[in-house]
Structures are given as structure tokens and as C-alpha cells.
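Read through the structure below, which is laid out as C-alpha cells, and then see the notes.
Just so it is clear, none of the values below were taken in a lab; they were calculated from the coordinates. Bear in mind that the values here come from a model prediction, so they are computed numbers and not experimental data. Cβ atoms come from the backbone with ideal geometry, glycine included; neighbour counts cover every protein chain shown.
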Amino acid sequence: MNDPTYRPVPADSDPLPFGVEAEPLYLYAVKTFGWMFLGLMITFVTAVAFAASGGIYMLISMGVVPVLILFAAELIMVGVLSGRLDSLSINAARGLFFAYAVLNGLTFSSVLVLYDLQTMLLAFLLASLYFGAMAAYGWLTKRDITRFRAVFGIGLLVVIVFCVISMFLPLGRFGTVLCFFGLALFMGLTAYDMQMLKRWHAESTYDYELSKKSSILVALNLYLDFLNIFLYILRLLSRGSRSGD
């Protein structure tokens, strides 16, 4: 494998416990999607509870600073989980994942206030279809999507920068372009992360701890892919309905 993200299993990696067999790929994938769906459920429940309690209105009334702090905290958690996976314990990796899902639920609660239920249900349906199609493509294709890692990284940086700018300045029609760009980016990342799921499995097959932790990391990436696809579709549907009025 010639991808720079691929790492051979180190010689001092933790071996499988006695009597434990190497986990087949399909079980690793099922477990990973299980963590992803659990994270999405935690985010949704947190968002509903926070919105119902009026917390979102209190957060909005405090201005943009608390939102930026939450945004920064989420970025730090993702950075720690992806950048220090080797040094984290299994419980620490899971704890970071759950903490991220809760924090994201606080910011995600604004969606429940800003959009009507019908639009959200349609966006969820479309996001599920797009995510499922790209996940299947990433799983089945023989093309090496991971070679576009640098392109995806630049795309993520662009999205983050304009996301911060949009908190202070209206983007106007450029906001629609950014939504299409973000949608295409995270659809591509879904296929990329499905290929990385296979690579992480190959890398951690005989390393018990790394297998558990890498499953959480891939689940986080897929969780982010789905949520962002959903949000960009939601924004596009909302913009389309406003322009049609």
C-alpha cells in the first residue's frame, strides 16, 4: 500500500488476548457503524433536551464567543482522538467520542429551532441515501480514494475558514456555492473513510487495543460525514424554499 496514511503495525503492539481470534472485516465494520449510530443518537437526544429546556436561547443570547468556544473544544477533541490514538486508552477514546457527541448536540440543537420538521425529515432521508451510496462506493470500488487525502484536507480547511467567517459576515449567494462544495466534499470523504475503515482493520487486525480504538476513530469520521451531509442538504433545501417564495 503506497498511501502515506498507511502505517504498519509496530513490533511492540499489544497482541490479541489469549483465546481471542482476529476480528473479521465485516464484524469490524458492523461494530464501527454501531459506534457511529450511537454517537448520532447521543447528539440527537442532547439536542432535543437542550432545545426543549431553552438552553439554546440562553446560548444564543450570550453572543458568538460561547459558540466559538464550543467549536474550538470540538476541534480539539477531534484532533486529540485522531492525532494521539496510539497513546490513548480504549476508555479514553470512547470517552472523547461520547463527549464530542454531547458537545455537538448542544450546537446541533439550533437546527431544531431554525428548521421545520418536514424539511428536516426530507434532509435526513436524502442524507441517508447520499451517505449510503457513497459508503457503498467506497467499500466496493477498486480505485484508491485515499490518494486524495491532501485534497480533502485542503477542502476541510476551506470549509472551516468560511464557517468562521459566516459567523461575522453574511455570505449571500456565495453561501449556496459553499453548501454545494461542502456537500460534495463530505460525500467524497464518506467514500474515503470507508476505504480507511478497511485499512485500519488491516493495520490493527492483530493488535487488540488498536483495533478497539481505531473503530472509534473511523466511527467519528463517518459520524461527521453524515452530520455534515445532512446539514448542507438542510441548508440547500431551506435556501431553495426561500428563493421559491
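Using the alpha-carbon positions of the chain, Rg (one decimal) and Dmax (whole number) come out as 18.9, 66 Å.
Structure remark: mean-square fluctuation, Gaussian network model of the chain, C-alpha springs under 10 Å; the largest value among 27, 96, 81 belongs to 27. Taking a straight Cα-Cα cut-off under 17 Å and skipping sequence neighbours fewer than 8 places away in the same chain, the lysines within cross-link reach of residue 31 are 198, 212, 213.
Net charge near residue 94, counting Lys/Arg +1 and Asp/Glu -1 over other residues with Cβ under 11 Å of its Cβ? Before the final figure, lay out each step's value.
Working: positive: 212, 213; negative: none.
Within the 11 Å Cβ shell, the charges total +2.
Note that segment 33-84, at 4 °C in a medium of 1.567 mPa s, gets a Stokes-Einstein diffusion coefficient of 102 µm²/s from its Kirkwood radius over C-alpha pairs.
For the chain, relative contact order (Cα pairs under 8 Å, six or more residues apart, normalised by length) works out to 35 percent.
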